[in-house]
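Visitor: This structure is in structure tokens; I'll ask about it shortly.
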Amino acid sequence: MRSGIILAGGEARRAGGREKYFFSHCGETFISRLVSTLNEVVDEVIIVARDSEQCGRFSSIAGVRVVPDLYPGRGPVGGIHAGVCEAEGDLVFAVACDMPCVSGAVVEYLFHVAEGFGAAIPRWENGMTEPLHAVYQRQALVERFMGAEAHSMRDLVAGLSVNYVDCNLLRRYDSDLMTFTNINHAEDLARLRAVFPEE
Ligand SMILES: Nc1nc2c(ncn2[C@@H]2O[C@H](COP(=O)(O)OP(=O)(O)OP(=O)(O)O)[C@@H](O)[C@H]2O)c(=O)[nH]1
């Protein structure tokens, strides 16, 4: 079984605290697009919000479960922890809520190459990695959290056997690698709109 975990509990400081997951792309909100894409490649989708109040923001989205952080204020690693506690899949795809162009074909490939590893994490030529667009073996994460060593994504990943996937290989599935488009600033959204104007 496969799970998808969407992390939505950040403060979006670089976007002025706006709710990035409700930004729209090609006529749909980021979060709806992600949920639809993931529902094609996983058996369950879980949105992890920072608290129960924020959970309520997602109540109208069909086809997901929404849970709050168990340890609030810990950043993405706290969201992954809550997601992993809720998820039932052997493998989980963890993704940020501000990635509106995630490619189902790329995610499918990451699931495929995660078999036999603790994680499959895309890596760019310059060595930068994409741990919030990556597949993890759930049990490996559970063990990392039990060890109580994982206070950051870097800590979490450090103890895993990782299959680093060359981003360029993923061009087979997503030629322009739009899957990694990440909207952090208002200008990032403006750039995306310049390529894909809203109707
Ligand atoms: N559930 C949960 N998700 C989080 C938390 N912190 C960050 N996230 C999510 O993790 C992803 C990456 O977050 P960051 O890039 O660190 O922060 P951000 O909120 O997107 O933006 P900045 O505040 O501008 O850094 C985003 O999808 C966030 O919504 C948290 O404490 N809990």
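Visitor: So, in the range 156-199, how many residues would count as being modelled with pLDDT under 95 and at positive phi?
Guide: 0
Visitor: Turning to a different aspect of this structure: Give me the helices (runs of 4 or more DSSP H) completely within the range 51-126, filtered to those with at least 3 residues that are within 16 Å of the ligand (Cβ to nearest atom), ordered by residue number.
Guide: 52-55, 76-86
Visitor: List every residue pair whose Cβ atoms sit under 8 Å apart, with the two residues 6 or more apart in sequence or on different chains, where the first one lies in the range 115-144 and is touching a residue at least 60 places away in the same chain (Cβ under 8 Å) and the second, anywhere, is within 16 Å of the ligand (Cβ to nearest atom) and assigned to a loop (DSSP other than H, G, I, E, B).
Guide: Every condition considered, the pairs that remain are Leu132/Met99; Arg138/Ala87.
Visitor: Scan the range 170-181 and give yes if some residue there is of a type in the set (Asp, Glu) and crowded, with 18+ Cβ neighbours inside 10 Å, otherwise no.
Guide: yes
Visitor: Limited to the range 1-34, what total is found for residues that are part of a helix (DSSP H, G or I), surrounded by fewer than 21 Cβ atoms within 10 Å (Cβ to Cβ) and among the aliphatic types (A, V, I, L, M)?
Guide: Final tally of qualifying residues: 1.
Visitor: For Leu38, work out the one condition from (1) within 15 Å of the ligand (Cβ to nearest atom); (2) crowded, with 18+ Cβ neighbours inside 10 Å; (3) under 24 Å from Val106 (Cβ atoms); (4) without any contact (Cβ under 8 Å) to a residue 60 or more places away in the chain it doesn't fulfil.
Guide: For Leu38, the exception is condition (4).
The values are calculated or read from the model by the stated rules, or taken from the named source; none is laboratory data. Here the structure is a predicted model, which is why all the values come from computation and not from measurement. Neighbour counts run over all protein chains shown; Cβ positions are idealised from the backbone, glycine included.
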